[in-house]
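Asks: Here it is, the structure, as C-alpha cells.
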Amino acid sequence: MYMAKKCKRRFLKEDLQRMDKFIEEFLYSPSSGYYMVDANQKNDYLTAPQISGLFSDFVSEFMVSKAEEDQAEKPIFVDLGGGTGKIAISLLKIIENSERFKFAEVYLLEKSFKRAEEALNENPSIKYIDNISEIPEDRPVYGIANEFFDAFPPRVFKIKDRKIYEAYVKKVNALISIEYLEVRRLPQFIKGILFEAHSYIKEGIVEIQESAFKFMNLLKKFESFHMLLFDYGYEFPEIKRFPEGTLVGYRNHHALNNFLELKKPADITCHVNFSLLKRWLSESGFRIVTFVNQGSWLIDNGFLGFFEKRARLMDQLTFLSESAGFKKVVLPGYMGDAFKAIYAVKSPDPK
Ligand SMILES: C[S@@+](CC[C@H](N)C(=O)[O-])C[C@H]1O[C@@H](n2cnc3c(N)ncnc32)[C@H](O)[C@@H]1O
C-alpha cells in the first residue's frame, strides 16, 4: 500500500501535467507553441476577420462610434487577442481619418509577436502589447475581442459518483493519454462553479477557463472599458449537450475530438461558457448591454446597410467574395447562430 502511494506520487510529479498547463504549453511555448511559431493559421481555421474584411471594418466603426457618443478623451482602441491584427488595422484606418480622434491610439494585444509582426511592420502606429496591464488604466478603452476567449485553455473536471476528478495529460516517451485524478482541494470559486454545473448534470465533464477568469480580474483596475466580443459557446443550462466536454483540436480545417492525436503544430480550443464569462465581466464592474447571436447583432446594428453602401464601390470579384463572407458571418448554419456577441460597458458615467 505504502509502495503504491509512493509510486503514484512520483508518477504525478514527473509524468503528469494538468490539462490547462499542457494546452498552454502546446499553444504558447516560445519554442514550439502553435501560436508562437507559425504566423498564419489560415490552413487550420478561419475567423470572421479572415472571412470578411467588412466584418472588421464594421465592428471597428461600431466601437469608434461608441467613443464618439461618449465624447471620450484620448481613447485607446484595442484588438484583444488580435492575431494577425485585422481589426487593429481597421481601427487605425478609421481613426486616421477622424479629426475628432487625433489623439486616440490603437493597441494590438497579442501573446504571439510572430502573428502580429506583419501588421505591425505595415502599420507602425499600432502599438503592440502582450499584456493587458500595459494599457493605461485612466484612459477610456474600447476593446474588440474576436475569438479571443476560446483561446484560453480550460481546466477540465469530471463529475462522477458525486466525486470530482481533474484531467491530467500523461506523457510516457512519445505516448500521451489523459488521466483523471480525484481532487479534494480546489479554489472556492472553482468549487462553486462545479456545484452549479452539478445542478445541470449529474455526471460529465466541466471545463473552467481559470486563465480567462484571471484575465477578467485584470480588468478591474480600468475606470472605463467598453468590450465587444464574439465567440462560440454555450450557457450553463446547455452544458448537458457536451457530456464529453468541448475541447477540440484543429489541423487543416479538420476537427479532432481526440486532440491528443494531433501532431504539432495544431490548434486546441474549447467552447466558451457564456454564463461564466458574463458573470466574470460583471464581477469586474461591467454591465452587460447586449448578449445575442452574432448574426442578430450584426443585422440589428446595420451591417446590411453598411454592406450595400460598400458594395457600390466594389468590382465584381470583390463583390462576390464579400457577399460570400457576409453570408458566412451573418447567416444561421455557419457563424450567425453558432457565435454570440456580448457588448459590455464599464463606465464611471452610468448613462
Ligand atoms: C483564435 S485566435 C483569434 C485571432 C483574431 N482575433 C481573429 O479573430 O482572427 C486567438 C488569439 O488570441 C491570442 N491570445 C490567447 N491568449 C492571449 C492572452 N492571454 N493575451 C494575448 N493574446 C492571447 C492567441 O495568440 C491568438 O492569436
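Coordinate-derived values only; no laboratory data. Keep in mind that what you see is a predicted model, and the values were worked out from it rather than measured. Cβ: placed from backbone, ideal geometry, glycine included. Neighbour counts: every protein chain shown.
Asks: Based solely on its DSSP helices, what 222 nm [θ] is calculated for the chain when runs of n ≥ 4 H residues each add -39,500 (n - 2.57) and the sum is averaged over all residues, nearest 500 deg cm²/dmol?
Replies: -11000 deg cm²/dmol
Asks: Based on alpha-carbon centroids, what's the gap between segment 273-351 and segment 153-194 in Å, whole number please?
Replies: Taking the Cα centre of each part, segment 273-351 and segment 153-194 sit 34 Å apart.
Asks: Tell me, what is the FRET efficiency for Glu25 and Lys220 to the nearest 0.05, using R0 = 30 angstrom and their Cβ-Cβ distance as r?
Replies: 0.60
Asks: Return Val106, Val64 ranked ascending by Cβ neighbour count within 10 Å, so the fewest neighbours appear first.
Replies: Val64, Val106
Asks: Going through the cross-link list Lys74/Lys346; Lys93/Lys278; Lys102/Lys309; Lys170/Lys220; Lys191/Lys328, which pairs have a Cα-Cα distance over 28 Å in this structure?
Replies: Lys93/Lys278; Lys170/Lys220; Lys191/Lys328
Asks: Under the Karplus relation 6.51 cos²θ - 1.76 cosθ + 1.60, θ = phi - 60°, what is the ordered set of whole-Hz ³J(HN,Hα) values for segment 52-65, x standing for Gly and Pro?
Replies: With the stated coefficients, segment 52-65 comes to 9, x, 5, 4, 4, 5, 5, 5, 5, 4, 4, 5, 5, 5 Hz.
Asks: Calculate, for Glu182 and Lys74, the FRET efficiency according to 1/(1 + (r/R0)^6) with r their C-beta to C-beta distance and R0 41 Å; round to the nearest 0.05.
Replies: 0.20
Asks: Let me ask something else. Hand me the GluC sites (Glu not before Pro) from segment 105-150 located in a DSSP loop with no more than 16 other Cβ atoms within 10 Å, in residue order please.
Replies: Qualifying residues, ordered by number: Glu137.
Asks: Let me ask something else about it. Going by average Cβ neighbours within 10 Å, how do the peptides 22-28, 238-244, 193-199 rank, with the highest at the top?
Replies: My ranking of the peptides, most packed first, is 22-28, 193-199, 238-244.
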